[in-house]
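The values are calculated or read from the model by the stated rules, or taken from the named source; none is laboratory data. Bear in mind that the values here come from a model prediction, so they are computed numbers and not experimental data. So basically every Cβ, Gly included, is an ideal-geometry build from the backbone, and we count neighbours across all protein chains shown. These accessible areas exclude ligands, DNA and RNA; they are computed on the full protein's heavy atoms, side chains included. Shrake-Rupley method; radii C 1.70, N 1.55, O 1.52, S 1.80 Å.
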Amino acid sequence: MTVDALTDVAGLRVGHASRSGGGWLTGTTVVLAPEGGAVAAVDVRGGGPGTKETDALDPRNVVRTVEAVVLTGGSAYGLDAASGVMAWLEERGRGVPVGTDPAHVVPVVPAACVFDLGRGGDFRARPDAAMGRAAVEAAAASEPGARVPEGGVGAGTGAVAGGLKGGVGTASTVLGSGITVAALVVANAAGSALDPETGVLYGELYQGRVEYPPQRVHEAARRRLAEAAADNAPPPLNTTLAVVATDADLSKAQAQKLAGTAHDGIARAVRPVHLLHDGDTVFALATGARPLDAHPLALNEILAAGADLVTRAIVRAVRAAGSVDGPGGVWPSYGELYGTA
């Protein structure tokens with residue numbers, strides 16, 4: 001049984017830690033790999049990324065697998081959340097061995113952040129090592145194949161997508177070869193997920209026939225968005241993050257190709273993308289449970305599916321998010337503006 005989430009890739013678990021109210025509107029999401037790690041790669045396209053340990057994922061470098069990936073709010077300050085995840089992994093002897101003592105390991109924990117500073121009202125309210133630990137503990141405590149909460153949770157707690165409230169979304173598919181591909185995103189884009197002429201989410205235009213909102217509903221939504229934008233400052237400094245995963249046996253170079261083509265999924269769902277004020281970053285994970293040898297075209301199918309799932313996950317993130325009206329700003333949800341159908 002699948003749950004249409006990143007956790008459909010066997011062995012992967014997802015945990016969120018969130019905080020809102022009292023000046024806070026931020027959080028951290030951790031993708032925890034099975035013990036022994038997963039092959040990992042990354043592709044960064046945004047002009048203003050905030051990342052940690054991404055150089056280690058270059059196929060030319062020695063690190064092959066990672067134990068966890070951290071997605072976090074708090075801009076560059078929030079990358080401290082990865083320290084809490086590292087400490088948790090070290091306590092369990094999980095990481096790159098660096099000595100004869102099994103306890104001597106260095107967990108490689110790549111991380112990327114979104115900009116949500118001040119959205120809860122307090123610029124200094126951002127994730128730290130304790131929040132990272134809480135998120136990885138939540139991942140470890142979850143059941144295999146568990147559903148993943150979406151919307152304004154974890155790293156999506158303070159996310160905004162082009163004036164709409166953004167958040168976390170996830171999706172998965174099983175290919176004809178039996179290989180599973182899945183994606184999890186944090187939709188926090190400077191560009192818009194919404195077609196301004198029709199009110200349709202861009203990402204839904206790639207999913208077949210769509211029902212356009214009535215004109216009166218769309219006009220009311222445009223007015224509401226304009227009013228909210230007038231109250232919100234400064235201008236957006238945002239990022240869309242994604243983790244694309246598969247149970248296929250990929251090399252680091254193949255995983256890097258998957259991370260790169262998955263950016264097409266962001267470009268379908270958000271316009272414009274990869275701007276100077278974006279930090280758009282996609283990680284790829286491969287657990288290696290299913291060989292590619294018996295399926296000559298499987299890699300191309302995986303690459304295509306990864307992009308499709310990122311698009312669908314962004315749609316789900318925006319649809320699952322709830323409105324925010326607080327001291328840091330006003331961000332209506334798509335559901336408030338157009339309904340939840």
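Observations
- The criterion of being out of contact with any Ser or Thr (no Cβ under 8 Å at 6 or more places or on another chain) and in contact (Cβ under 8 Å) with a residue 12 or more places away in the chain does not hold for Leu184.
- Residues that are among the polar types (S, T, N, Q) and either modelled with pLDDT of 90 or more or assigned to a helix (DSSP H, G or I) (or both), drawn from the range 207-226: Gln215
- In the range 97-148, the residues that are open to solvent by 50 Å² or more (accessible area, probe 1.4 Å), within 19 Å of Val30 (Cα to Cα) and either β-branched (Val, Ile, Thr) or in a loop (DSSP other than H, G, I, E, B) (or both): Val106, Asp128, Glu143, Pro144, Arg147
- Subset of the range 48-61 [more than 25 Å from Gly118 (Cβ to Cβ), not in a loop (DSSP other than H, G, I, E, B) and not small (Gly, Ala, Ser)]: Asp55, Leu57
- Subset of the range 227-258 that is in a loop (DSSP other than H, G, I, E, B) and modelled with pLDDT of 95 or more - its residue that is surrounded by the fewest Cβ atoms within 10 Å (Cβ to Cβ): Ser251
- Selected residue (only one of Gly163, Gly208, Gly178 is open to solvent by 10 Å² or more (accessible area, probe 1.4 Å), without any contact (Cβ under 8 Å) to a residue 12 or more places away in the chain, on the phi > 0 side of the Ramachandran plot and not basic (Lys, Arg)): Gly208
- Of the criteria (1) closer than 23 Å to Arg64 by Cβ; (2) in contact with a Pro (Cβ under 7 Å, 6 or more places away or on another chain), which one Lys257 fails: (2)
- If you go through the range 2-31 and pick out every residue that is touching a helix residue (DSSP H, G or I) at 6+ places or on another chain (Cβ under 9 Å) and either open to solvent by 10 Å² or more (accessible area, probe 1.4 Å) or over 23 Å from Val174 (Cβ atoms) (or both), you end up with 14.
- Once the range 37-58 is narrowed to residues that are out of contact with any strand residue (DSSP E or B) (no Cβ under 7 Å at 6 or more places or on another chain) and open to solvent by less than 60 Å² (accessible area, probe 1.4 Å), the residue that is nearest to His274 (Cα to Cα) is Gly47.
- Looking only at residues of the range 62-92 that are assigned to a loop (DSSP other than H, G, I, E, B) and either at pLDDT 95 or above or touching a Gly at 6+ places or on another chain (Cβ under 6 Å) (or both), we find that the one that is nearest to Thr239 (Cα to Cα) is Gly73.
- Any hit, the range 152-159, residues being among the hydrophobic types (A, V, I, L, M, F, W, C), open to solvent by 10 Å² or more (accessible area, probe 1.4 Å) and outside any loop (DSSP other than H, G, I, E, B): no
- Within the range 321-341, the set of residues being within 30 Å of Gly23 (Cβ to Cβ) and open to solvent by 50 Å² or more (accessible area, probe 1.4 Å) comprises Ser323, Asp325, Pro327, Glu336, Thr340.
- Index of the failed condition, Ala267 passing every other in (1) buried (at least 24 other Cβ atoms within 10 Å of the Cβ); (2) under 16 Å from the mean Cα position of the chain (by Cα); (3) not hydroxyl-bearing (Ser, Thr, Tyr): (1)
- Members of the range 281-303 found to be among the small types (Gly, Ala, Ser), closer than 21 Å to Pro59 by Cα and open to solvent by 40 Å² or more (accessible area, probe 1.4 Å), listed by number: Ala289
- All positions within the range 62-90 that are among the charged types (D, E, K, R) and either free of Cβ contacts under 8 Å to residues at least 40 places away in the same chain or surrounded by fewer than 21 Cβ atoms within 10 Å (Cβ to Cβ) (or both): Arg64, Glu90
- When residues of the range 183-223 are limited to those that are of a type in the set (D, E, K, R) and more than 30 Å from Ala17 (Cα to Cα), the one nearest to the chain's Cα centre (by Cα): Asp195
- Within the range 267-290, not a single residue is closer than 29 Å to Glu67 by Cβ and either in contact with a Cys (Cβ under 7 Å, 6 or more places away or on another chain) or free of Cβ contacts under 8 Å to residues at least 24 places away in the same chain (or both).
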